[in-house]
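Peer 1: This is the structure I want to talk about, given as structure tokens.
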Amino acid sequence: MPERTIDFGKFGARGIKGSEAVARKLDELSGGIVTPVTVKRGLMARLHYLTRTDHSRRAAREAGLTVTDRTLRAWLDERRRPTRANLERIDLAYRRVRRQNVARHLLARLNAGGGTRVEIHPLNQSQVARPLQRVVEYRTMNVRRWDRIVGSWASGDHQGLDEAWGDTIVDLGSQWGQYEYVTNIGFAA
């Protein structure tokens, strides 16, 4: 069984951690507001999403948006504009609350019908000297249990997501370590 990659990119290989690619794909599947928070429309949409109900306000506070109700009203009434740091907090809180809200639905979709087929595109070795290149190919696998992966993603636990994804790709067999870093991971639900 191969060990974890210790010095990724030392010889010129390029890619991202598989768990990061999975998180990006889950973010894409979860949908949401695509207009940037720096644009008035994007800011207002996020603020309305985060302040619509008491539950969403509580979740926004837990996610790090800890401004007073007076400040929130001033932003919503457009009497004041949030600082750059507060714009980042608003966007981060929105993403966290959105993840929590869609996690249960997304989990049901991914686990339905015996799981979801995942395509794993290997790391890019075009910059690696020929004698040092690994033989790595495109792989597919069926992930049947998404509970730990989606749970870690929804809570923002990067370490837990990495461990859950690592435990999942072990199903690839003895070559699973070659797919710890990838160029892309694709799946649809």
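Peer 1: Can you give me the % of accessible surface on the stretch 33-189 that is carbon or sulfur? Probe 1.4 Å, all protein chains present, nothing else counted.
Peer 2: Solvent-exposed carbon and sulfur of the stretch 33-189 make up 47 percent of the total.
Peer 1: Nothing charged except the Cβ atoms of Lys and Arg (+1) and of Asp and Glu (-1): what's the magnitude of the dipole of the stretch 85-164 about its Cα centre? Round to the nearest 20 debye.
Peer 2: Computed about the Cα centre, the dipole is about 240 debye.
Peer 1: Taking the Cα centroid of the stretch 12-70 and of the stretch 111-143, what is the distance between the two, rounded to the nearest whole Å?
Peer 2: What the calculation gives is 29 Å, centre to centre.
Peer 1: Given [x] 1, 7, 14, 16, 14, 12, 11, 9, 7, 4, 2, 1, 0; [y] 1, 7, 13, 14, 12, 9, 6, 6, 6, 7, 6, 5, 4, 2, 1, 0; [z] 1, 8, 15, 19, 19, 15, 9, 6, 5, 2, 1, 0 as candidate values of P(r) over Cα pairs in 5 Å bins from 0, in percent, which corresponds to the one derived from the coordinates?
Peer 2: From the options [x] 1, 7, 14, 16, 14, 12, 11, 9, 7, 4, 2, 1, 0; [y] 1, 7, 13, 14, 12, 9, 6, 6, 6, 7, 6, 5, 4, 2, 1, 0; [z] 1, 8, 15, 19, 19, 15, 9, 6, 5, 2, 1, 0, the structure gives [x].
Peer 1: Quick check on the stretch 96-145: take the gyration tensor over C-alpha atoms, sort the square-rooted eigenvalues as a ≥ b ≥ c, and tell me if it's rounded (a/c under 1.5), prolate or oblate.
Peer 2: oblate
Peer 1: May I ask you to list, by number, the DSSP H helices of the chain whose Cα span along the axis is at least 30 Å and whose average Kyte-Doolittle hydropathy reaches -1.0 or more?
Peer 2: Length and hydropathy pass: 84-111.
The values are calculated or read from the model by the stated rules, or taken from the named source; none is laboratory data. This is a predicted model, so every value here is computed, not measured. In this analysis, Cβ positions are derived from the backbone assuming ideal geometry, glycine residues included, and neighbour counts consider all displayed protein chains. Ligands, DNA and RNA are stripped out before the accessible areas are found, and what is left, the full protein with its side chains, is counted by its heavy atoms. Shrake-Rupley method; radii C 1.70, N 1.55, O 1.52, S 1.80 Å.
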